[in-house]
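Right, one structure below, let's go through it.
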Amino acid sequence: MHLPLAPRVMLHVALAVIPWWPNGEGLQPLYALKLELLADGQVVDCEQRTVGFKHVEWHACAGAPAGADPWLCVVNGRPVFLQGVNYPPVLPNWADVTREQHRKLLVTYRDLGVNVLRINACGYLESGDFYDLCDEMGLLVWQEFPLTSSGVENTPPSDPRSIGEMSDIARSFIARRQHHASLLMWGGGNELLDKDMKPYDLGHPMLA
């Protein structure tokens, strides 16, 4: 169908989609999404993406005390046990990693029954090739922002300038990868601990 967004701009929307599932839980249907901006009948801008559709909720574990964080991952209404690994940089130079290098590793993880890969904050925003392949193979991605062991005491910075810079990075990360079906969650960082070695939560201004 056609939904008018603005004068001379149209969005083509599928009436029904088949849900995307993690590895071992079902299929990974993907859809081609194309957006065109028209001016006087001429295309002046175009974006194309491959997308999939899933619904993720986090439920409390059975017997958890009141107020405990929800840890049970529920995908498309079904609890899914997350079993995975850290996925470190394949090469020191990000630009030299080929799609086939990613594919070889990801096929191995898929065939081992892995369903989630964590991109540690010590690394970087993984490439579009990596995400495309995870979309195809049902490998969920836990992508962290680049905030890790931020000093001898592992405390993240809390000054406005640092928070502003990290906010810009987060917006860039999200804009570039949010359309991927494989994206499970964003992580604030790695090994961010207070003086008692307890992980920081959203009470810290940087993570908030």
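Roughly how many percent of the accessible protein surface of the chain is carbon and sulfur, given a 1.4 Å probe and a whole-percent answer? Let's see the in-between values first.
Details: 7370 of 12630 Å².
Of all accessible area on the chain, carbon and sulfur atoms account for 58 percent.
Given a cut-off of under 8 Å on Cα pairs at least six residues apart, what relative contact order in percent is computed for the chain? Mind showing how you got there, number by number?
On the way: 346 pairs, mean separation 35.3, N = 208.
Normalised by residue count, the contact order of the chain is 17 percent.
Which one, [x] 18.7; [y] 20.7; [z] 19.5, gives Kirkwood radius over Cα pairs in Å as derived from the coordinates shown?
[z]
Give the long-range amide H neighbours of Gly189: residues separated by 5 or more places, or on another chain, with amide H under 5 Å away, using H modelled in the peptide plane at 1.01 Å from N.
Those lying under 5 Å, H to H, from Gly189 are Phe145.
Out of every Cα-Cα pair in segment 97-164, what percent are more than 17 Å apart?
Working: 1181 of 2278 pairs.
Roughly 52 percent, once rounded to a whole number.
What ranking of Phe53, Phe173, Phe81, Phe130 comes out by heavy-atom accessible area, probe 1.4 Å, highest first?
Values: Phe53 95, Phe173 20, Phe81 155, Phe130 0 Å².
So the residues, ranked largest to smallest area, are Phe81, Phe53, Phe173, Phe130.
Where a ≥ b ≥ c are the square roots of the eigenvalues of the C-alpha gyration tensor, would you call segment 49-152 rounded, which needs a/c under 1.5, or, failing that, prolate if a/b is larger than b/c, or oblate? It would help to have the intermediate numbers written out before the result.
Details: a/c = 2.23, a/b = 1.39, b/c = 1.61.
Oblate shape, in that a/c is at least 1.5 and b/c is the bigger or equal ratio.
Might you work out the accessible area of Leu35 for me, using a 1.4 Å probe with all protein chains in place, and round it to the nearest 10 Å²?
Its accessible surface works out to 80 Å², give or take rounding.
Per residue, how many Å² of accessible area does the chain show with a 1.4 Å probe? Walk me through the numbers on the way to the answer.
On the way: 12630 Å² over 208 residues.
That works out to 61 Å² per residue.
Order Arg177, Arg78, Arg171 by their accessible area, 1.4 angstrom probe, all chains in place, largest first. Before the final figure, lay out the partial values.
Details: Arg177 25, Arg78 90, Arg171 155 Å².
Largest accessible area first, the list is Arg171, Arg78, Arg177.
Show the residues, 5+ positions off or on another chain, whose built amide H is closer than 5 Å to the amide H of Leu183.
Val141
Tell me the angle of helix 160-177 to the major Cα principal axis of the chain, expressed in degrees between 0 and 90 and rounded to the nearest ten.
Result, in degrees: 40.
Which value, in Å² and to the nearest 10, is the accessible area of Met197 when all protein chains are kept and the probe is 1.4 Å?
Solvent-accessible area, nearest 10 Å²: 120 Å².
The values are calculated or read from the model by the stated rules, or taken from the named source; none is laboratory data. Just so it is clear, the structure is predicted and the values come from calculations on it, not from any experiment. The area values use the complete protein model at the heavy-atom level, side chains included, leaving out ligands, DNA and RNA. Shrake-Rupley method; radii C 1.70, N 1.55, O 1.52, S 1.80 Å.
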